[in-house]
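Structure first, commentary second.
The values are calculated or read from the model by the stated rules, or taken from the named source; none is laboratory data. Here the structure is a predicted model, which means the values were calculated and not measured. Glycine gets a Cβ as well: all are built from the backbone with ideal geometry, and neighbour counts include every protein chain shown.
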Amino acid sequence: MEFLDFATVGFAVIFIATLFIFGELFVRTKGAFAAIGILIMALYFSHHISAADGTWIIILYLIGLSLIIFDGQVTADGSIAIFGGLFMIAALAIPSPDWVYGGLVVMAFVLAAPTSYLFTKVFPQRDMWSKIMFKDKLTSEMGYNSMNEDYRDLVGKEGVTKTPFRPTGTVEIDGRLYSATTDNQWVEEDQAVKVIDADGTRILVDIERT
């Protein structure tokens, strides 16, 4: 696989592999995208790492991927995913033969990861980072309101969080459900809060002080 010695080929391989691996995180393809991405990524690693140092590099890459998956399914605020991405970038760059090759590999990863979101335009989307995207499975039938000109009337009112805030979530105020944010503060479910600011599209709450 001498063709992988060329930096431009390395760029293409990492871009395509990352595109499909992250695509599997965003859309439901029954593992097809994951299989394609892992197979292509395996070509890169098998060519550039030796048996002696290969194990810890693979582990570093898998830890990074696991952190991104955890962030998308649990915390859903992007903070842990940043560290995961850095681990994956390090695992890809360390085995590269020179700085140019390494730079192109990093660039390929950085470009491919967000580009993979375009798959959601074609395939069924997974519920990853739903809180960041305000897709907390809330509908108008549930009493949820995403935009209301009367939000300013809520300022000063008390409510109860119905979901964990990371930092966005759902709060119940006067028997109705609203999407709200705590401005980068994490709050657990069933916590008493108070609306401290609101406009036509955003409700800011804080923990009720006793």
| request: Determine the pairs where a residue that is within 11 Å of Val205 (Cα to Cα) and in the same structural domain as Ile80 (by TED's automatic domain parsing), located within the range 168-187, has a partner that is of a type in the set (Val, Ile, Thr) and in a strand (DSSP E or B) with Cβ atoms under 9 Å apart, the partner being 6 or more residues away or on another chain. | output: none
| remark: Trp99 meets each of (1) exposed (fewer than 12 other Cβ atoms within 10 Å of the Cβ); (2) modelled with pLDDT under 90; (3) among the aromatic types (Phe, Trp, Tyr) with one exception, condition (2)
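Report, by residue number, each residue of the range 38-97 that is of a type outside the set (A, V, I, L, M, F, W, C), farther than 30 Å from Glu189 by Cα and not in a helix (DSSP H, G or I).
Taking the range 38-97 and keeping what is of a type outside the set (A, V, I, L, M, F, W, C), we get 44, 46-48, 50, 53-55, 61, 64, 66, 71-73, 75, 77-79, 84-85, 95-97.
Applying the additional criterion that residues be farther than 30 Å from Glu189 by Cα yields 44, 46-48, 50, 53-55, 61, 95-97.
Those that are of a type outside the set (A, V, I, L, M, F, W, C), farther than 30 Å from Glu189 by Cα and not in a helix (DSSP H, G or I): Ser50, Pro95, Ser96, Pro97.
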| message | Can you tell me which residue is nearest to Trp56 (Cα to Cα) among those in the range 84-97 that are of a type outside the set (Ser, Thr, Tyr) and in contact (Cβ under 8 Å) with a residue 60 or more places away in the chain? | response | Leu92
| query | Would you pick out the residues in the range 163-178 that are crowded, with 19+ Cβ neighbours inside 10 Å, of a type outside the set (A, V, I, L, M, F, W, C) and over 23 Å from Ala81 (Cα atoms)? | reply | Tyr178
| query | Which condition number does Ser79 fail, the rest of (1) within 25 Å of Asp127 (Cα to Cα); (2) at pLDDT 90 or above; (3) surrounded by fewer than 20 Cβ atoms within 10 Å (Cβ to Cβ); (4) polar (S, T, N, Q) being met? | reply | (2)
| request: Would you confirm whether any residue within the range 16-28 is in a helix (DSSP H, G or I), out of contact with any Ser or Thr (no Cβ under 7 Å at 6 or more places or on another chain) and at pLDDT below 95? | output: yes
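Test Ala81 against the stated conditions and say whether it is assigned by TED's automatic domain parsing to the domain that holds Gly102, in contact (Cβ under 8 Å) with a residue 60 or more places away in the chain and hydrophobic (A, V, I, L, M, F, W, C). So that I can check it myself, show each step before the final result.
Working: assigned by TED's automatic domain parsing to the domain that holds Gly102: yes; in contact (Cβ under 8 Å) with a residue 60 or more places away in the chain: no; hydrophobic (A, V, I, L, M, F, W, C): yes.
Taking the combined requirement at face value, the residue does not satisfy it.
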